[in-house]
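Just so it is clear, none of the values below were taken in a lab; they were calculated from the coordinates. Everything numeric in this text was worked out from a predicted model, so none of it was measured. Backbone-built Cβ (ideal geometry, glycine too); neighbour counts: all protein chains shown.
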Amino acid sequence: MNKVDVAHLSFRPPFAPGSYNRLVGMQLEHITSLSQTAICYWDQPIPKSAQVNGSLTLVDDKGLSLRERALINLPAKMLQKRFNNITDRKSLIYLWQAVKILREIKPSVIVCYDTYKFGPLLRRAVDWPCRLVFSQHGLSYHLSANEAGHLYSLDSFDAVWTLTRSAYRFERYRVSAYEPLVKILPNWINVEEFKPASESEKKALRARWLLPENSLIVLWLSRLVPKKGAHAILESWPKIKREIPNAFLWIVGGGDQKYESYLKRIVKNLAVEDSVRLEGAVAPEQTVSCYQASDLYVFPTLFSGEGFGLSLLEAMACGLPCVASDHVILQELYPGDVVSLAPDANIAGAFVEPVAMLLRDAKSRSWRGNAAREFVEQNFNHKKALREVEEFYREQMNLAGGAR
């Protein structure tokens, strides 16, 4: 394997469900002037739709040494003490396999995506001119101030790439010495792929998804886990239906089966089976058609560590008016006339009026949808953002002494 400029340590490959891993895939595709590779963990059959080429290296537990196999079977407490508080065995296998590849290709820049615990272990393994970059996609990792000072080990990284100033500030005031310099580079969206559909296209997509033709489709699309707040919308749905009789709630996503069963019970207990559908997981390449078939997007996240909300950005790019939880990150990113923010998302009924208000006003939906699309084109266009990412990598390569 030849030496590369930038190596991405993304546990999930670009073809898997997720957010930052898809953004890694876009870097591999669009930043062609730099030699890159993504090292990812995958121990399942590769989906037929997956694009796997020379820039993507998949690892699993094959080829582990006898010593590594012995270590992986140590009790969790021993693993935690020995490997910088890493107790997840797949993560350790991934790290060991990644280090072997990194020593072969000797990249000038290594980007760790949300894997802050890898810092000290990578620093000990890297013996060539190289910059370690921590790409922080969450607002916080919910460590106490004391834990943050001991466990973050940010001093192992040469630079931190964060998506927002809010995320940087949140952690900066909890770590006694925030040593690396920070680059703020927000998420981006492929505005050529995620775009509004015409009325005829929307009608055809609704027929394809078997959605009711004359209903107002409210879309929730994310990983189906409690912190993403699908139940916050669902439990308010009878009140929204009384206000807007032709409203239809479309919940798209897979994940936590126990949570999915819980939502199905709510649907049955509320007797809203005729106006709610739990679609389940859809392939990543199908999500754009879900947005394009809908009239409004809801993002009722209950996660105080929400880093950016890529699905919200995708919905905006598709020209959907959006209602989201009032969150410090979203306050920084989006003006109130672009995204409607519902305060106190955990309070019962918090989303009833913001959703109903947009559903009853077609002109307001159209105006906000157009404003959302324009805002994304101006601020989160993938072409502009990826030029800034490339410039950041070149700066790091210069500092590592590896610039071409």
(request) Could you check which residue among Ala125, Ala324, Ala230 shows the biggest mean-square fluctuation in a GNM of the chain with a 10 Å Cα cutoff? (result) Ala125
(request) For the stretch 148-260, would you read off the P(r) tail past 24 Å as a percentage of all alpha carbon pairs? (result) 57
(message) Over the stretch 259-369, what portion of Cα pair distances is larger than 17 Å, expressed as a whole percent?
(response) 61
(request) Quick one: compute the contact order of the chain, relative version, from alpha carbon pairs under 8 angstrom and 6+ residues apart, as a percent. (result) 16
(request) Just give me a number: lysine pairs in the stretch 199-379, eight or more positions apart or cross-chain, with C-alpha atoms less than 25 Å apart. (result) 21
(request) Among Gln292, Gln331, Gln136, determine the one that fluctuates most according to a GNM of the chain built with springs between C-alpha atoms less than 10 Å apart. (result) Gln331
(request) For Gln257, put the label point 7 Å out on the Cα→Cβ axis and report which residues of the stretch 185-228 keep their amide N under 16 Å from it. (result) 224-225
(request) Sum up the charges of everything whose Cβ sits under 11 Å from the Cβ of Lys227, counting Lys and Arg as +1 and Asp and Glu as -1, but leave Lys227 out. (result) 0
(message) From the helices alone, meaning DSSP H stretches of at least four residues, give me the mean residue ellipticity at 222 nm for the chain, per-run term -39500 (n - 2.57), in deg cm²/dmol to the nearest 500.
(response) -12000 deg cm²/dmol
(request) Quickly work out the Leu64-to-Asn398 label distance, labels modelled 7 Å from Cα along the C-beta direction, and quote it in nm with one decimal. (result) 4.3
(message) Need the list of lysines near Lys62 for cross-linking: C-alpha distance under 26 angstrom, and skip anything on the same chain fewer than eight residues off.
(response) Lys3, Lys48, Lys77, Lys81, Lys90, Lys100, Lys106, Lys117
(message) Net charge around Phe380, counting only other residues with Cβ within less than 12 Å of its Cβ (Lys, Arg = +1; Asp, Glu = -1)?
(response) -1
(request) Evaluate the Kirkwood expression for the hydrodynamic radius of the stretch 17-75, namely the inverse of the mean inverse distance over all pairs of different C-alpha atoms, and round to one decimal in Å. (result) 13.8
(message) Under the rule of at least 5 residues apart or a separate chain, name every residue whose amide H is placed under 5 Å from the amide H of Ser325.
(response) Phe299, Thr301, Ala342
(message) I'd like the distance between the alpha-carbon centres of the stretch 90-143 and the stretch 220-254, rounded to an integer number of Å.
(response) 38
(message) More than 28 angstrom separation, counting every C-alpha pair in the chain; what % is that?
(response) 51
(request) Please report, in Å, the Rg and the Dmax of the stretch 341-404, where both are computed over Cα atoms only. (result) 20.6, 59
